[in-house]
Structures are given as structure tokens and as C-alpha cells.
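I have placed the structure first, in the form of C-alpha cells, so that the comments after it can refer back to it.
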Amino acid sequence: MRYQISGKQIDIGEALQTHVKTDLDAVVDKYAERPTGANVIFSRSASEYVCEATIHLSTGLNATAKAHAHEIYAAFEACSEKMEKQLRRYKRRLKDHHRDRSQPVELFGASSYILASEEQTEDAEPDTLQPIIVAEMETQIPSLSVGEAVMQMELAGAPVLIFRNEGKEGLNVVYRREDGNIGWIDP
């Protein structure tokens, strides 16, 4: 597995890098079968250290965790515990579905746009109803089953996931509802 361990405006020593590799190896060997890579980024936020970790699995799914602490090792330990919990849930769900994905997740390219927010007073009318595009990027839309899409959304900690349904040829959406349940839009 490839590791990319870095710090944003802080120095990461060899001892911390060795500790991160050893700890993540233990977690990944226990719960994930074929990881391809891991990114770990350390940064500072006021008086706290922040650790963000992402593990890329060979199935195309990603597990992400983030933690804060006053010491850098404590931040990594908290992040590692969150990652272990996510991977344990992922493995349990795979066993519950009795289905292993033999092929990697197929990804399709799409355009993604960031629109400017309009901060206007209540009395003012907008000049045009066309939004202002701030940025345009490429994004990837995975081809997944509904169960895998829900799992990917939860692993990423995202409120919404757009995916191409393997059973059908259309785009679908899964999202977290305000009541805590998961919604699925199948047009």
C-alpha cells in the first residue's frame, strides 16, 4: 500500500510517519482486503492539531476520517479509531450482503460547477436569474448498487451521493434525510 503522509505548514518527523504507517497497516490488515493507498494530512487549527486520513480501497470506495486534539499523536489516534470503526462497518456490510465485488467500480466523468451565492437585501430584485459560475471542475460518478452507494456515502461522510445505478442505466441519488433515514431518488 502506498502512503502519502504530509503536513500543512508543519514538519512531520520520521517517528510520526513510522507510527502512522504501523498503526494504519494494523487497521487495514484487520478490516480491508486490498487497499491501494492512504493519504494522511496533519495541520493546525488554532491550538489544536488536525489529522485527516483517507484510505483508497481496490473496489473504488474511499474511507475518510478526521479528528482534532491538542497533541499531534492524539489527533492521529482519534482519527485512526474513527477509520477503524468505518472499515469495521464496511466489512460487516460486505459480509451481510454476501457479495464481493470482483471488478473495480466503474467511474464516469462529469462536470461540476460552483455557483456564487447571492447576498441581497429583501427589497432588491436580481438583475438576472442566471447564476454566476465561480469554478468549473471535473468530477467522477461511480457505477454502484444502491447498497454500495449508501455505504460509500456513509464512508465519505457526505450528505448526498450521485451514482449510476448498476441495475438500471440512469443516474440515482441517495441522501441523508433530516430524520436520520436515507432517501433514494430513482428517476
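Just a few scattered comments:
- Residues satisfying the stated conditions in segment 8-48, i.e. of a type in the set (Ser, Thr, Tyr) and either closer than 27 Å to VAL105 by Cα or outside any loop (DSSP other than H, G, I, E, B) (or both): THR18, THR22, TYR31, THR36, SER43, SER45
- All positions within segment 49-70 that are part of a strand (DSSP E or B) and surrounded by fewer than 20 Cβ atoms within 10 Å (Cβ to Cβ): VAL50, GLU52, THR54, HIS56, ASN62, THR64, LYS66, HIS68, ALA69
- Matching residues, segment 22-48, being over 16 Å from LYS82 (Cα atoms) and surrounded by 11 or more Cβ atoms within 10 Å (Cβ to Cβ): GLU33, PRO35, THR36, GLY37, SER43, ARG44, GLU48
- Total residues in segment 144-181, condition loosely packed, with under 14 Cβ neighbours inside 10 Å and more than 17 Å from ASN62 (Cβ to Cβ): 9
- Close pairs from segment 75-90: first closer than 24 Å to ALA46 by Cα, partner buried (at least 16 other Cβ atoms within 10 Å of the Cβ) and of a type in the set (Asp, Glu), Cβ under 7 Å, at least 6 apart: SER80/ASP23
- Test: residue in segment 92-112 that is modelled with pLDDT of 75 or more and in a helix (DSSP H, G or I): yes
The values are calculated or read from the model by the stated rules, or taken from the named source; none is laboratory data. Only a predicted model underlies this, so the values are computations on that prediction, with no experimental measurement involved. Positions of Cβ are generated from backbone atoms using ideal geometry, with glycine treated the same way; all protein chains shown enter the neighbour counts.
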